[in-house]
1. Straight-line reach from residue B:190: which lysines have a Cα under 20 Å away, not including same-chain ones fewer than 8 places off?
2. Across segment A:171-302, what fraction of all alpha-carbon pairs, as a whole percent, falls in each successive 5 Å bin from zero upward?
3. Which shape class applies to segment B:51-190: rounded if a/c is under 1.5, otherwise prolate when a/b exceeds b/c and oblate if not, where a ≥ b ≥ c are the square roots of the Cα gyration tensor eigenvalues?
4. Kindly provide log₁₀ I(q)/I(0) values, in the same order as q = 0.17 Å⁻¹, from the Debye equation applied to equal alpha-carbon scatterers of segment A:50-103.
5. Would you mind giving the three semi-axes, in whole Å and largest first, of the ellipsoid equivalent to segment A:505-600 according to its Cα gyration tensor?
6. I need the P(r) histogram for segment B:69-129: all alpha carbon pairs, bin width 10 Å from 0 out to the longest distance, whole percents.
7. So how do A:122-132, A:231-241 stack up, highest first, on mean other-Cβ count within 10 Å?
8. Output wanted: per-residue J couplings in Hz (rounded whole) for segment A:532-540, from phi through Karplus 6.51 cos²θ - 1.76 cosθ + 1.60, θ = phi - 60°, x for Gly and Pro.
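Readers should treat all values here as calculations from the given coordinates under stated rules, not as data from a laboratory. Here the structure is a predicted model, which is why all the values come from computation and not from measurement. Glycine also receives a Cβ, built like all others from the backbone with ideal geometry; neighbour counts cover every protein chain displayed.
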Amino acid sequence: MTSTRRDLFKFAGGAAVGALFTPAPWRLVTDTALWSETWPGVPRPARGEIRARYTNCSLCPAGCAVRARCVGEQPVALMGVLEHPFTHGALCPFGLAGHHLPYHPARIRQNPVKQAAAAISDGLARCGAGERVAVLDLRPGRTASWTYRRSLAEWKNGTYLKPPQALGGNLAVNLAAAKTVLSFGAPLLDGWGTPGNVIAAREGFRLIQAETVESRTAVMADQWLPIRPGSEAALARAIANVLADQPLHDAALETGLTDAQIVAAARELADNGPALVLDARDRPEILALNQLVGALGHTIVTRREAPVPAEWKMAVAATELQAVPDGSVRVLLIDESAPGPYLPWSAIEKKLVADNPVVVAFAWSGEGYGRHAQFVVPTAVYPEWVDDIPPAVDSPAAMFRLSAALLPPPADVVNPAEFVAGLARISATNALRERADAIHKAGRGTLFTYADGKSTAVKDVKADDFWKALQEGGCWMDAVPERTEIPKLALGPPAADPVVNNFPLAVVMAEASAPGSPILSKLYQESNLRLAGDRVVLHPAVASECRVEDGGRAILETGCGRLEVRVLVDAGAPQGVVQLAAGPRTLDLCGSSPRAKVVRV
Amino acid sequence: MRGIFPFAAGAAIMLVAGWAGFPRAIYKSRPQPVDFSHKVHADKAGQKCEDCHAFRPDGTFAGIPTLDKCAGCHAAAMGSTVAEKNFVEQYVTPAREPHWAVYARQPENVFFSHIAHVKRAKLSCESCHGDHGTSDHLRPYQQDRVSGYSRNIWQTAERVKSTRAAMTMSACVECHRQQGLENSCLDCHK
């Protein structure tokens, strides 16, 4: 009996069919999937003796205290510090997964620092009369911010730019003193301020959330006022009219609320004080309500800045971007290493000179201004480097805490403040220590150490011990002065009403997100608990009008450009609205023109 | 009829290989360094699980004890068994740490807190580790050749014989649901 080639094929076919009825192929599929979780290139947590180290999370201005479970030099898990008197052990999902960021696939690997330095030097040489060298600092108030301001003082027309900030800086919110809070879309219960402090203070105040969409804060508020999109200022004016015994005019028509609802909200603010009014975008006509309800000096207080060495005060003043003349910035350096509010690129671009401006971004990923800059110089990422974190908006007292490094940074990253100081030929390598010494010398406030949960008066601590404690996880908290001056709200002009034109949908921004670990894709891409940067939410009727389907691709178009997005259809979304996350791409598109249309691809 | 024979032979061979050979071939097996008897230690020495598998002062779980702990009693042989004699000669006397293989070791991407389960939820060791604490011999450690996971994470065959739970994510989630406990991804995936 001879075997033919056909027999061989039959044998193979039989073997293949037989294999399907065994566990082998199915088990190999599972095993291969499991193997891919830890295949070469995927970072692995170290095994070994565990020890606790302490730091502060610098992913957002809250600066929550962190206890890191470390094996050797590697942090393998992060958690809050329960005993902390202000952050109360809270740590958000972004903070819990912060130690993944050094391994983030979006990290910049190339370092064009020499080319960037040459371009900056060339830009400085070409800087004409009336032209500026500017640093845009997304998180002002740090020691690095002072280094920028000192460096810029060395240059002609050096300009230090900071994001617009009505609250924060030297004005803080004292939530613990508030009995009634009216929030115009501020995500008070969803990452605003210091989450641990907000949760601790929540029992003490009644929250009224005026917002177009039923956000997570609106769901958890005591009362949700579902207002028409873009009618926040109209509601603020109506409340002001009630407080001044003026008629409401057509406020109900503008806001979508009843007169009774508006009057009740106003009475609540007036009768159940101390009251506080917050706004997601710090609009002047809304924050001005705080003056009417007597918030200044009670729930909005003046905050002293943490002391700095006297010689640092020969620095340039902080300027807001809108105060800079258009077409005047020759060299712009943008520090994105400490995340902060993102200013739309269109607002920045018009400040640049027309012919060959130099724009350099310092960032760990190219997702932000790196998309517009000529050079993106890589920086370290939390928790790789030491930086200080200024107090959040809800901290009535000044704070000084360090985001101590838990991991060594890669060799080729740049410290932006030291880079700029080097260009200006000033010394900044010991700036943090110098500031810590200045705080110690002032002798006020207390030092809270995380390892033992103890508070000690600064005057009872030696300077070296103070510095050592800060490096090992500690927080200096200023003493609240017995008498403070009544703060003044520096409010700009009201924003112009957006032009409707061909854009029928009002843009409603969901909360901005901190830079996150890839593991948080569960939040974004699978469960949509938070909106990813490329998702928009539409009411079914709006989706039908736009001829787009749930899960389908579409183009979001505004007066500033177009962006490809994926559509989520949600019956809970209001009509006439497109909701999207406040990320760099969407803010570039919608930040200055809050009307849009959605077009089927 | 002859034409179907190669097909049937191929199918039969693969069925035998897939059911009889594959489940053995997928694991590589290695013996534990010492033939340790939990039973002797529990019965004769009257020891409890936590005497050797203790929590550190900071709450972390020490896992398998190091040689120092064993040498506290076994600086010299206490009994007459070959296993103990070999242990003293090969490990205690030359102060050489045995390289134990941990049957219950979770993958690298999972964080499991013993103290939360033992102290707070008051789970007994047997809930997850079954009758391991009364075993007279240590069985070989079996590791999946592809995924690298310990066989005991799945322990399908053993589960049929005992009430011991598997140590898979679905088993964790199932137990937490039964207890009415909320989960988030970051509880275990740090």
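1. A:522
2. It works out to 2, 12, 23, 26, 21, 11, 4, 1, 0, in whole percents.
3. The shape class here is prolate.
4. Listed by q, the Debye log ratios stand at -0.46.
5. Working: eigenvalues 78, 52, 25 Å².
They are 20, 16, 11 Å, listed largest first.
6. Per 10 Å bin, starting at zero, the Cα-Cα P(r) for segment B:69-129 comes out as 18, 30, 26, 25, 1 percent.
7. The densest-packed peptide leads the list: A:231-241, A:122-132.
8. Rounded to whole hertz, the list is 6, x, 10, 10, 10, 10, 10, 5, x.
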